[in-house]
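All of the numbers you see were taken from the coordinates with simple rules; none came from a lab. In this text the structure is predicted, and so the values were computed from the model without any measurement.
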Amino acid sequence: MEKSPRKDNAEGKTVTLAQASWRAYKAEFSSSFVPTFAFAMLSICVLAVGLWKSWTLYFALPLIELPLFFALQITISGARQGHPFSSKGFFSYFGMYFRSPYYGVYRVIGNVLWAFLWSILIAFLFNLFYVSFAYAHSAVFASGFQKLYQASINLDDGAYAKVLSDNGEVALWYVLSEVVETGGWFLISVFKISVWTLNSYVRASMKRSRFAPRAANRIFMGGYRENRKVILTELLRATWVGIVLLLLGFALGCVAGYFLSEYIDIVASGIAGSFLLTIFFVPYFLIVVELLADRFEVSFAKFSVRFAEDALHQLQANRELDEAQAKDIQKLIDEAKETNRGKPEGNSAETPKKEKDGSQNEDAADDDAESDDY
């Protein structure tokens, strides 16, 4: 288990992850502004369509918004090393999201399903307490709820809609129930995917190891589980302001959507509010994640060596490798061990702008050069 990712600086003062990230954010604000602005403009287009037709967000968020976020992540990582922003590079990174070695880097399907299950549980508990309390304390709500229930049993859409239009208390519960369930799904998904942004840097450091995306995800999960407490603690300490902004933006967006519900979907308005209030917090968050990934790089690398050794032994036991293939894999394992030998584990909250060999932006540049035809 790692210690808290802090170190004493040259003046003998303790530097936290949040302080190191804030210093880097201020120093590099000008270089991160242009890609962040491009990300914001493109995202606003996605959200504008989502406000008009809310169902489009189910496709646009995973297929457009997350690849844009991934492109921003790599672009800012490159900007921290002095690489100027280019629209061609930004959109090539967008395409990299769908290709190896970064395909599945945010584990979207698994995280979204996990969030969906939790949102159902949260909505169930909310409805249980809200309906029980309102039913017992308001005759208007009780009468309207009985009519709504009867309409749903009879599959009478007209009667169902009439109850919601005539009974304000039932209509309020209906809106709040939708916001809690769908909003819970969105916010939990954001949290889960935020943790998995670390995986981008882990993938970058393992690119030369030729791990398949599924194996790379297993390595990330294994390394993350070994250091879960420290990673989550430091991440929450450094980004709690962003969490407040995210929740506040969602709440304000939902309130605005409630009064404009004739024209826009309430939850879509909440998602838009979250985005607008956190857009310029995103570069800071990405710096936090990069510094945290650098902090635990050796831990993930050592887990990847153990993972490769276990896989090699299993393949040999099942006689699925010939001698030459086994030697090649063992050579890669030995090279990884040699690379990690002597490196300290988690003794710094700060990292230099110039990364070591195999950094994420260098790998991205390699992919860009190899994929000019795409």
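For the reader, a short list of remarks on this structure follows.
- The length gained on full extension between TYR103 and MET41, counted as 0.36 nm times the residue separation minus their Cα-Cα distance, comes to 19.9 nm.
- Separation of the range 93-168 and the range 250-303, taken as the distance between their Cα centroids, equals 21 angstrom.
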